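*Asks:* Mind looking over this structure? Questions follow.
The values are calculated or read from the model by the stated rules, or taken from the named source; none is laboratory data. Just so it is clear, the structure is predicted and the values come from calculations on it, not from any experiment. We place every Cβ from the backbone using ideal geometry, glycine too, and count neighbours over all the protein chains shown. Ligands, DNA and RNA are excluded from the accessible area calculation, which covers all protein heavy atoms including side chains. Shrake-Rupley method; radii C 1.70, N 1.55, O 1.52, S 1.80 Å.
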Amino acid sequence: GQQAGQQAGQQAGQQATAGSWKQRSSSSSDAAAEAQELVGSGSGAGEDMEWIFGSRVVLIGLEARRFNFHVAEIQDSYSGRCVVRLGNDEMILVPKENVYMLPESLDDAKERLVFGGHSYGTIYRELARSLSKTRSPAGILDIVLSFLEVSHVNMQDIKVLNCSSQATPNPTYDFHPIGTLEQGISSCWISRTGSCPGGKGCEYITYSLGDKPKAIRSVAMRIPSTGPLSVRRFHLEIGRRELAESTEKERGEREVRPGRTSSELVDCNNRSSGAEQYTNSDSGDSHSKSFDDLYIEKCNYERRRQSEKETGQRQQQQCQRQKEESEETQGLVWTRATPDFHMLRGPKTHPIQEFLIEPAIDCQYVRVVCTENMLGHLHPVYDSIGFWEIRFR
């Protein structure tokens, strides 16, 4: 019943959004563009839009694909073109037919949604119109939509389940993927060295959105604007539980990539003991040291051993959490849910860059898959990838 209701809601949603920017963009492939830098390929709102300074818009259908799906701000408009400011503070000139207003619901966390990110009220009206000529039981629409309603994603409910790999910690960063949920630039995640030869790979972080599916309508990422390992290109994948009746062939066709097994996690039990390090460092040399030197070394050794013990305990706890979290993702079938999003280099202020997802995706598990870094194609030494912060809404 839930699947049937969901299909009905999706059909109603398609009718309700028949005039949306996405469908208008795909319906006019012959549109000509006059911009010097960028050439549009779709028909947008054009002159029908109310161009207001500071209005937040999304760019669609540009031949310069690196700018597509970026959320931007109107700065000026004239002669069929718009000047917009991108998330990296770059100003570009684009044809008006490639500029679309953001959905009003994007900034309204209280609006009720159904699967697909559609407005509850819009779908209700479309279904009511479809059923107006039939003898439907009273209250049937409320029952149907109760199966279709989905919550907005909430960053406070999100947690990291696992990642494809992780760089070796240093005194500044531990590169743990959980740092990507922290705002600002005080923490970050980077994949292991060698994971992106030539600047390209398939490194990911898996997130849980909570105890039930949520609607994601946009994704935003912050990178070191001038960092050679910063993400240049990424996309989202969603994980769903495999149906029991699915065949292995169907599973193979749908699955994008299996997750890492628990055996591939970092082994926290192969560290050399502090006593061995102390014995090796002092063997054959203690007789020549004074009592004060030996006492200082003994104190340093005890502090070092205590520190290593605490570090080992933290790593063991982390490994245990990763094993438990990887078990949560067992049996998920991963499918691609978005096109490529292109991060842009910018000023040293490292602004966050946001991308619209249309139609919205509904899932409980999502992967941010990073496929290309900024400078690996120019310098082989840049063979890993990472970012500072991720946001969903």
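*Asks:* If I take R0 = 41 Å and measure r between the Cβ atoms of Lys159 and Lys133 in this structure, what FRET efficiency does the formula 1/(1 + (r/R0)^6) give, to the nearest 0.05?
*Replies:* For Lys159 and Lys133, the calculated efficiency is 0.30.
*Asks:* Given a 1.4 Å probe and heavy atoms of the protein chains only, how would you sort Glu63, Glu203, Glu358, largest accessible area at the top?
*Replies:* On the way: Glu63 120, Glu203 10, Glu358 55 Å².
Most to least solvent-accessible, the answer reads Glu63, Glu358, Glu203.
*Asks:* Still on this model: In nm, to one decimal, how far is the modelled label at Glu328 from the one at Ser307, with both set 7 Å along Cα→Cβ?
*Replies:* That separation, rounded to one decimal, is 3.3 nm.
*Asks:* For segment 157-207 and segment 368-393, compute the distance between their C-alpha centroids and round to whole Å.
*Replies:* Cα centroid of segment 157-207 versus Cα centroid of segment 368-393: 10 Å apart.
*Asks:* Counting just the Cα atoms, what span does segment 166-215 cover along each of its three principal axes? Round to the nearest Å and put the largest first.
*Replies:* Per principal axis, max minus min of the Cα coordinates gives 36, 26, 15 Å.
*Asks:* Grab the beta carbon distance between Tyr78 and Ile352, set R0 = 35 Å, and tell me the FRET efficiency rounded to 0.05.
*Replies:* Working: r = 29 Å, r/R0 = 0.83.
My answer for the efficiency is 0.75.
*Asks:* If you take the C-alpha gyration tensor of segment 188-227, multiply each eigenvalue by 5 and take the square root, what semi-axes do you get, largest first, in whole Å?
*Replies:* Values: eigenvalues 138, 42, 18 Å².
After scaling each eigenvalue by five and taking roots: 26, 14, 9 Å.
*Asks:* On the full set of protein chains, 1.4 Å probe, figure out the accessible area of Cys299 and give it in Å² to the nearest 10.
*Replies:* Accessible area of Cys299: about 30 Å².
*Asks:* Here's another thing I want to ask about it. Could you sort Tyr207, Tyr124 by their accessible area in this structure, using a 1.4 Å probe and putting the largest first?
*Replies:* Numbers: Tyr207 0, Tyr124 80 Å².
Descending accessible area places them as Tyr124, Tyr207.
*Asks:* Here's something else I'd like to know. Work out the FRET efficiency for Glu297 and Thr172 from their Cβ-Cβ distance, taking R0 = 22 Å, and round it to the nearest 0.05.
*Replies:* On the way: r = 28 Å, r/R0 = 1.29.
About 0.20, to the nearest 0.05.
*Asks:* On a 29 Å Cα-Cα criterion, which of the cross-link pairs Lys110/Lys159; Lys96/Lys212; Lys96/Lys159 come out too long? Kindly include the intermediate steps, with their values, before the conclusion.
*Replies:* On the way: Lys110/Lys159 22 Å; Lys96/Lys212 39 Å; Lys96/Lys159 39 Å.
Table pairs above 29 Å Cα-Cα are Lys96/Lys212; Lys96/Lys159.
*Asks:* Moving on. What is the Cα coordinate range of segment 82-187 on the first, second and third principal axes, sorted by size from largest, in whole angstrom?
*Replies:* The Cα atoms of segment 82-187 stretch 69, 41, 24 Å along their principal axes.
*Asks:* What does the extension gain come out to for Leu375 and Arg345, with contour length at 0.36 nm per residue minus their alpha carbon separation?
*Replies:* Details: separation 30, 0.36 × 30 = 10.80 nm, distance 1.09 nm.
Difference between extended and current length: 9.7 nm.
*Asks:* Could you give me the radius of gyration and the Dmax of segment 130-191, taking only the C-alpha atoms into account and expressing both in angstrom?
*Replies:* 22.7, 70
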